[in-house]
Structures are given as structure tokens and as C-alpha cells.
1. What do you get for trypsin sites (Lys or Arg not before Pro) in the range 475-528 restricted to DSSP loop and a cutoff of at most 15 other Cβ within 10 Å of the site's Cβ?
2. Kirkwood Rh over Cα pairs of the range 460-522 into Stokes-Einstein at 4 °C, 1.567 mPa s: D in µm²/s?
3. Using 0.36 nm times the number of residues separating D138 and R39, minus their current alpha carbon distance, what extension gain do you get?
4. Leaving out same-chain residues fewer than 8 places away, which lysines sit with a Cα under 26 Å from that of K110?
5. Just the Cα atoms of the range 254-329: what Rg and Dmax do they give in Å?
6. Kirkwood hydrodynamic radius, the range 493-612, all distinct C-alpha pairs: what's the number in Å?
7. Say each of S592 and R494 gets a label point 7 Å from the Cα, pointing the same way as Cα to Cβ; how far apart are those two points in nm?
8. In whole percent, how big is the carbon plus sulfur part of the accessible area of the chain, probe 1.4 Å, protein atoms only?
Amino acid sequence: MLWNQNIDPTKDLSQKPFVLWRPFIAAWEWLVPPTVAHRDRQSPLARWIAAFVIICISTTLLILGIVYARPLKNSYKNMRAESMVKEARRMAENGQIVNAVMKAQEAYTKAPESVEAIRLNFEYFTQMKRDTALFFYDKLKEHEALTPADEQMHVRCLMNLGRPKEASSALEQLMRVEQPSEALMKLAEDVWGQREQNKPLLNVLRSYTEKNPDDKESALRLAKVQISSGNPGEAGQGMELLWTLAAQDDALGLQTLEYISGLPSLTPADTVKLIQRLKKHPKADDRHYVTALKREVQQSPERKKAIVMEATAKYRDKKRNELLPFVRWLVEEGEFLQVLTILPEEDAKAHQGLLENYLNALTMLQRFNDLERLVNDPKVADILDPTTVAMFRAHLAYVLKKPAEELRSKLIAAKDAAQINGRYPSLLRIAQYGEDRGHFDIAEDAYRLTIKAAQRASAPPRIEREAFAGLIKSCEANHNTEALLQATLDAVQRWPDDNSFIERHLYTSLLAGRNIELCLRNAQKLLQTQPKDNLRRLTVALAFWRLHDIQQAVSYLQYMDLNLLTEGQRAVFAAIAHSGGFHDEAKGVIKSISPKASMLPEERRCYEFPLK
């Protein structure tokens, strides 16, 4: 009776738990008594079993925590990194490129094992042409997470880094294991599109085009490679294929016409066909009509006046937004009066592109009063950007023969405005303008700003190379050896395979007496490739002269054509010859050099050395 009675008076016996739950509840109450009375009735065995179960559960949880703590932490980091990757891609789509790159790097910093963060950084650094992209490619390879798109990106990365041989080898391996696709064919065109390398590309493109006759874009790529192959037979087939594609009235047909119009030479029959097709293509616009006019003038220069007048009559009633290509062409052709004929001043003041060409026409017609009035017009200042307005004011000061200080101040204002806007084309034009008019210090500063702006904007390498070449000339004109030395060093680091920059850097370093032994070795290597090059021979002679090996230095001066050297370099030649005992010859060279010739300070000392 005592064992059957209810020891929990608060328990309602009429409400029993679900029948399937009863065994579990009984086992739980056996291990964990719900009341003191239950605990008093608990046997020692139940207590030992309860303690054992608690210890086992705790130990299991501890072991699981130790084993899975790192994976759980990595999963959390990967989740955070994937969120940052998505945010970075949204930033890039919205044009916030710098913020996107920083967010991608932050994602990799927080989760170095995140494949998505690694892939995004690989993509961004490839587009920025940085060798850091190869590090992220290796990381993807370590994680065995490479996709065909990653392999194609790797080939493009090698091309961006100036490693065409490695890119070609990587592309060959990729094409052995991957099926041809449009993206792969475009990549192959970029890698093997050069004349000396296009045999593999021709075979691949021809095979792919035969298997996919409906892929017109691949057919266009094949025709382009055939044209550039240098093989007359292939070029003829490529031209036939181009005209077949150009006969279509779709966007690809217009794209084909644009490519044909960019070819350096066409037969008269092809030119006539191109002109007619550009004028009649249903998707062609005013740009293509102007291209047809250019070709027509080139083919029949004696009809230029009639062509211009006919086109002017057509564009007389055109809307303002449709006039820009034609007006720009008129300025290029020197038809400045026609610009003023079809373009009223008020219409020009309402459109930036038209206004710039209108001002150029006024400049060339020497209507400086009208030009000054428009440049100082507040409405014009609202239409044009500050850089363009400042540049026109500087040019106006030059053509009106204002004092040099006024021109300098306006050039500096134009340079500052272009720097604020970060426009490397404007900075480059300002630098060239200042260089052409003798303001080399402004040009030097503008060239440096151009290089920085071009690097930030990932501009075409041509812009940066042109800026470096101008910077070197400006430093020479400013007689600033230290600035010239730094400029040539930066140029060599940017283009390590450019012999012209290397030659200039070696010569400047030896003039300044820097790294003589290293410069001598490098100069001798250059001379071995072109033993008769005058500047390279003079550079080696200068290196031996700096090392006080006069006999070796003089030996490199023999049979040198001084007409191919600058006046400063001839002064160095004379100084070395004078040190070797050829006093009369050295004085003869010095007499042929103008005392007012532009030289570096070290070259000036060489000029004065034989005269002492």
C-alpha cells in the first residue's frame, strides 16, 4: 500500500501524459527525481547511472566543442565574407570601384580561406593589372576551386602583366581540356591575334566556325585574324567573309562595317562599297555617315568642296544633338566657316561638345574678340567643365600675346583644375601645351600628375608611356638631373623591357655617378645586341671614364657618328677624348657646340672641361 500510494499530492492523476511519452518521462524521473520524496526513494544504482549520464553528456559536448569549434568559426567567417563579397559586387555595379576593392580585401582579411573572397580579389587585381592577382590564383589552386572562368582570367592576368609567352602556354593547356566557347574564342583572339602568332588561333577559330555556322561573332573574329595574318590567301578569304557579314542589316553587320572602315588600306572598289553601305545601313547613325564622308574625301580629294557643301545642306536642318559628329569632322577638315554657318552661337552655347568645336573654329579663324567674349560668358562657364574653360583662357592669353606671367598663371590654373577633376587626358594636353611653349616646369608637374591619374584610372598603357616620355624631356629641358634620374627609374620599373628608357636611365645614372659598376654591366649587355649604336657606346665609354679606365673609355669612342648625339652627349664625348690625350679633336667637337645649347649640369661641366 505504501508503494502504491501517490507521493506527490500536487499531481493530478486524472491527466496522464501521452502514452508514448510515458516511458521517457518515467526514465527521466528515475534519473532526475522531481520531488524530495522521489529523491528519497531513488536507489544508489539510479544515482550512479544519473551521474554517469551527466558526465558522458558533458564530456561529449566538450569533445564536440573542441573538434568543431574551428569549423564553426570558419563557417561564420565565410558567411560574413560572402556577405562582404556580395556588397563589393553591388558597389562595383554602382561605379564605386575603389570601395569595392577595399571591401573585397576586407573580406579576404576576415576570412582568408573563403573561396569567394579569394576569387573576387583575383578578379579585381587582374583588372588592375597587379601581380598580386597571381597570389590569389595560387590560393584558388590550393583550395582546388578553380573553374574554367578562373583559368581564363589567369590567362588574361598574364597578358595584363606583360607575359605573353606564359599566357600562350596557359591558353594552350586550357584549350586541350575545355570545349570551345565564345568567351574562350575571344580570349584566344586577344592572346594569339598578333601576326606572328595567329596560326594556332586560325586553326582553332576555323574549326569552331565550321562546327557552329550560326555563330556570326566567331565568324567575324575569324575574318579579323585572317586579315591580320599577312598571308594574301587568308586575307582574301577574310575580306570575302567580312563583306558577307557586312551585308546583313543587324548590329553585327554594322560592327563589321566599322571594322572594315578601320582597315589601313582598301581597294577603290571596296572603298566605294563601304561608303554606300555606311550611308544606307538601317542601324547606322551620324557617326557612320561622317565616317563615309571621310572615306569619300580621301578617295576623291578634288571633290572635297562639293562633298562638304552637299553634307552641309543635309545637316542644315538637323537637331542640335545630331550635329556633333559632323561639326567635329568639319573642324578636323579645316572647314571652320562651315561650322559657323550651320551652328548658331546660341545652339552652341547649349551643348558642351558643340561649344568646344565652336570655340576651336573661332580660334582658327582668329576671331579672338568673339572667343574672349564667349570664354568669359557665365553661361559658357556653366556648360563647359572648369578645366576646359581654364585651358581656353590660357590659350587666349597666348594668342593675344599677354605677358608670360599671365600665361603661366592661367596654365597653372588649368593644371590645378584638371588635377581636381582627375582627368588624365586634360592633364596630358596641358603638359604638352606647356612643353611646346617653353614652360617646362609646368609641363614637368603636369606630366607627373598625368602618370598618377592614369595609374589610378587604369588608363591605356599608351597614355602612361607618352606621359613618361614627356616627363623625361621636360626634366632634361629643366636641367634637373635628380628629377630626370627618378623619372627614368620610374619608367624602367614600369616598362623593364623598353630599351629606350633603359638607355636613358643608364646614361643619366652614369652622368650623376650612381651605381657605376652595375650600370656598366647593363650597358655592355645592351651594346652586345647593337654594337654600332652610338649612344650605347658612349654610355659604356662614360662608365669606364667614371672608373678612371681612360684607355678602355677611349676605345669605345672610335668611329662614332656625332651627328646622332645631342649637344650635351657630344660634350661628354669631348671630355672623354680630352682625358685620353686627344686634345685637338676634343676642342674641335666643343667648337661645334653652341655655348647656349641646352644641357644637364654634368654635361655642362664636360663642355667646360676641355676649355680649361
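1. Within the range 475-528, the qualifying trypsin sites (Lys or Arg not before Pro) (loop, at most 15 other Cβ atoms within 10 Å) are R514.
2. Result for D is 110 µm²/s.
3. Length difference between fully extended and current span is 29.2 nm.
4. K73, K77, K86, K129, K139, K141
5. Spelled out, the Cα radius of gyration and Dmax of the range 254-329 are 12.3, 36 Å.
6. By the Kirkwood definition, the hydrodynamic radius is 14.3 Å.
7. Placing both labels 7 Å beyond Cα along the Cβ direction yields 3.5 nm.
8. Carbon-and-sulfur percentage of accessible area, whole number: 54.
The values are calculated or read from the model by the stated rules, or taken from the named source; none is laboratory data. Just so we're clear, the structure is a prediction, and the values are computed from it rather than from any experiment. Cβ atoms come from the backbone with ideal geometry, glycine included; neighbour counts cover every protein chain shown. For the accessible areas, the whole protein counts, side chains as well, though only heavy atoms, and no ligand, DNA or RNA atoms are used. Shrake-Rupley method; radii C 1.70, N 1.55, O 1.52, S 1.80 Å.
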